[in-house]
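Accompanying notes for the structure given below.
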Amino acid sequence: MLLLKLALKNLLGAGTRTWLNVAVTSFSFVLIVFMSGFYQGFLEYAQQVTLETEVAGGAYWHPAYDPDDPFTLDDAHGIPPGPVSEQLAAGKAMPILLTQGSIYPEGRMMPVMVKGIPPNQNIVTLPTEVLGEYTGSAIPVLIGAGMAHSAQLEEGDVFTVRWRDAHGTYDANEAEIVSIMRVENPGVDMGQLWLPLGKLQDMLEMPGEATYVVAASGAELLADIGEWQPKPVMFFMQEYLDVIEMKSSNAKILYAVLLAMAAMGIFNSQVLSIFRRRKEIGTLMALGMIRSRVVALFTAEGGMHSILAFILGAIWGGPLLFFVATKGIPLPYDPTEFGVIMAPRLIGVYGIGMILGTTLLVAVIVTVVSYIPARKIAKLKPTEALTGRSN
Amino acid sequence: MDDNHIVEIRELVKRYPVGGGHFTALRDVTTDVVVGEFTGLVGPSGSGKTTLLNIIGGLDAPSEGSVTVLDMPLGGKNHKELAHLRREGIGFIFQTFNLLPVYTVFENVEFPLLLMGMNGEDRRSAVNQALEWVDLMDKVKSRPAQLSGGECQRVAIARAIVKKPKLIIADEPTANLDAENSHNVMGLMVNLNRELSTSFMFATHDEKVMGYLTRIIHLIDGRIDEDEQVSKPKYREGK
């Protein structure tokens with residue numbers, strides 16, 4: 001108790017020096033929570049966008065379909081099995097037909113994935129209704145903003161699209177961009193050409209066929225559907241979670257670097273502070289304070305630093321984090337250019353566990369980095385500490 | 001150990017490692033200090049005054065020989081036992097005062113009693129008495145940075161005497177003070193020496209301090225060159 005009182009007295013008595021240390025530590029606190037929250041928010045947003053624009057309630061895949069192998073697309077098409085067709089008829093699912101193709105905007109050739117989707121679907125949040133409203137003679141096409149940017153295409157542009165039909169014959173026609181959608185999921189944007197499903201079925205001579213069927217969110221995913229393979233939401237998210245796990249390993253390295261930087265800053269200031277107080281430490285020893293109590297005193301000062309830093313961080317960082325969690329921070333550039341799912345405003349997600357965990361971690365680090373130099377200096381002979389000399 | 005002795009030193013040698021060899025700071029020092037003595041270690045820089053005081057105070061260890069302070073042989077004692085000796089039995093006064101800068105005058109003087117675990121009421125009473133001795137009752141809430149050099153040294157004296165130690169060690173206590181303040185703090189210490197029979201050991205080459213000493217040990221090159229009893233110190237009676 002005496003040591004805590006002395007530590008608090010030393011801290012408050014040191015004035016500017018204490019508050020400078022506390023400010024640096026509180027900055028580390030807030031920065032780490034701020035960054036962690038952004039990463040958490042980024043992940044949650046990415047998952048939400050993936051669900052809304054692509055995965056919905058899961059899917060039924062044609063048995064030959066392998067999204068990682070484009071050569072399977074030649075064979076990966078067929079009429080969905082009966083029970084799935086019933087869901088289609090009830091509006092609880094939608095068929096998607098895929099083929100590879102090429103487009104030739106202004107003479108440049110670009111490979112694309114041509115996707116047929118029912119224009120009137122409401123399973124995913126893509127603005128496909130514009131495909132049904134087209135009255136021109138070309139093939140109506142919907143593309144994402146990222147694709148439009150990279151291919152330098154605008155709404156109303158007409159270009160040649162080439163594909164191969166069910167018989168292996170190459171065919172080509174004029175396509176017109178009826179709309180450019182702003183969507184954060186590059187999986188439905190980059191290199192993707194969205195057509196009305198019926199139109200693509202006609203082009204490929206595959207009436208009523210699909211490559212896969214997307215179930216509506218909340219719809220029951222049928223298990224017994226013959227050769228077609230039901231793919232639950234977790235299948236898609238697992239794939240996604242694997243990526244997240246890989247990325248979170250990277251994130252852990254980032255946090256470790258951030259923490260190490262914060263710890264080095266704190267260590268530096270603690271070392272400076274403690275070594276500047278060598279004479280004081282020598283005096284304490286001369287007055288009869290034993291080494292372990294000297295170490296405990298300075299370590300307690302470090303621990304109290306972190307408590308004060310937490311309070312200060314809560315005062316200035318709390319409103320900042322609240323603002324970031326509710327309003328977000330707008331990106332200074334177009335998120336569709338990144339090639340990963342990013343919200344136009346970065347929203348932080350700050351959980352109690354994360355804040356407490358970070359607080360505890362930083363507190364432990366501050367205490368440890370206070371202990372190390374204090375222990376070193378307490379090992380000095382009192383005469384050396386009194387004269388300010390060190391080994 | 002003789003009951004009247006508070007310090008007994010026998011054939012003390014102190015060496016410091018320097019480069020590949022060593023420097024001998026004290027050679028075959030043998031002496032005693034009795035209760036109530038007002039002793040000064042006098043000599044030029046590097047003669048071993050501070051080293052001898054540090055060893056007596058348990059701040060440094062002898063290389064050879066034996067040192068017994070307040071009935072405790074210092075040889076082989078660990079840092080906890082030496083800290084206990086300093087905490088309970090020895091007061092220190094430093095050349096540069098060594099006050100704790102964030103504490104008030106009262107808190108600085110109170111600090112040794114906190115380390116001893118004295119209860120609050122006794123502590124406050126002892127601190128007030130010590131501050132009265134040094135005439136600093138009007139500065140109890142001041143911090144060291146707000147005090148003059150003389151006032152700082154008076155606080156240091158109060159801190160040294162507050163626990164009523166048997167021995168006070170003072171290393172060049174007047175080196176940072178002007179003549180008037182030097183006489184003031186020496187006068188205070190003489191009074192304490194008389195009233196409490198506290199033994200004082202000084203390291204000094206200040207003529208003013210020497211004028212108050214009842215015993216002067218002259219050190220040259222780490223040896224006792226002369227051990228002089230002063231029957232009529234120059235300033236002692238008049239100040």
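None of the figures in this text is laboratory data; all of them are computed from the coordinates on show. Bear in mind that the values here come from a model prediction, so they are computed numbers and not experimental data. As a convention, Cβ positions derive from the backbone with ideal geometry for all residues, glycine included, and neighbour counts pool all protein chains shown.
Per q in 0.19, 0.21 Å⁻¹, report the Debye log10 I(q)/I(0) for segment B:137-239, using one uniform scatterer on each alpha carbon and no solvent. Result of the Debye calculation: -1.01, -1.20. Protection proxy ranking for A:152-159, B:181-188, using the average of other Cβ atoms within 10 Å per residue and placing the highest first: B:181-188, A:152-159.
How much FRET efficiency would the formula 1/(1 + (r/R0)^6) give for B:Ser45 and B:Glu121, where r is the Cβ-Cβ distance and R0 is 45 Å, rounded to 0.05? It comes out at approximately 0.50.
Segment A:45-108 and segment B:176-202 have their alpha-carbon centroids 97 Å apart.
Within a Cβ distance under 13 Å of A:Gly136, other residues only, what is the Lys/Arg minus Asp/Glu net charge? My count for the surroundings of A:Gly136 gives -4.
Ranking A:Ser36, A:Ala56, A:Ser306 by how far each Cα lies toward the positive end of the dipole of the protein assembly as shown (charges on Cβ) leaves A:Ser306 at the top. Taking every residue in A:93-104 and counting other chain Cβ atoms within 10 Å of its Cβ, the average works out to 0. The DSSP beta bridges internal to segment A:59-231 are antiparallel in roughly 75% of cases.
On a per residue basis, the convex hull of the C-alpha atoms belonging to the protein assembly as shown measures out at 235 Å³.
Peptide B:56-67 has a mean of 2 when you count, residue by residue, the C-beta atoms of other protein chains within 10 Å of its C-beta.
Each Lys and Arg Cβ is given +1 and each Asp and Glu Cβ -1; about its Cα centre, chain A then shows a dipole of about 4920 debye. Normalised by residue count, segment A:59-231 yields a Cα convex hull volume of 111 Å³ per residue.
Take each residue of peptide B:96-103, count the partner chain Cβ atoms within 10 Å of its Cβ, and average: the result is 6. When peptides A:164-175, A:123-134 are sorted by average Cβ neighbour count within 10 Å, with the highest value leading, the order is A:123-134, A:164-175. Karplus-derived 3J(HN,Hα) values for segment B:189-206, using 6.51 cos²θ - 1.76 cosθ + 1.60 with θ = phi - 60°, are 5, 4, 4, 5, 4, 6, 6, 10, 6, 6, 7, 10, 10, 10, 10, 7, 10, 8 Hz; glycine and proline are entered as x. Each residue, A:Ser150 and A:Asp75, gets one label point 7 Å from its Cα in the Cβ direction; the gap between the two is 2.9 nm.
By the rule of a C-alpha distance below 16 Å, with chain neighbours fewer than 8 residues away ignored, the aspartates and glutamates paired with B:Lys163 are B:Glu88, B:Glu107, B:Glu110, B:Glu121, B:Asp122, B:Glu132, B:Glu195. What residues qualify as long-range amide H neighbours of B:Val34, i.e. H under 5 Å apart, gap of 5 or more or another chain, H built at 1.01 Å from N? Here B:Ile6 satisfy the definition.
Rounded to the nearest Hz, the phi-derived 3J(HN,Hα) couplings of segment B:153-161 under the Karplus curve 6.51 cos²θ - 1.76 cosθ + 1.60 (θ = phi - 60°) are 5, 5, 5, 4, 5, 4, 5, 6, 9, where x marks glycine and proline. Other residues whose C-beta falls under 14 angstrom from the C-beta of A:Asp202 contribute a net charge of -3, scoring Lys and Arg +1 and Asp and Glu -1. Between B:Asp32 and B:Val140, the simple label model (points 7 Å from Cα in the Cβ direction) yields a spacing of 4.3 nm. So in chain A, what percent of DSSP beta bridges are antiparallel if you round to the nearest 5? Antiparallel bridges: around 75 percent, rounded to the nearest 5. Here's how it looks for B:Gly43: its modeled amide H is under 5 Å from those of B:Thr204, B:Leu219, which are all 5 or more places away or on a different chain. Select from segment B:137-219 those GluC sites (Glu not before Pro) which occupy a DSSP coil region and have at most 11 other Cβ atoms within 10 Å, ordered by residue number. Passing sites in segment B:137-219 do not exist. Note on chain B: antiparallel DSSP beta bridges, both residues inside, total approximately 55 percent of the bridges counted.
Legend: Rg and Dmax of segment A:1-154, from Cα coordinates, 27.8, 88 Å. Taking every DSSP helix (H) stretch of at least 4 residues in chain A, weighting each as -39,500 (n - 2.57) and dividing the sum by the residue count yields a mean residue ellipticity at 222 nm of -17000 deg cm²/dmol.
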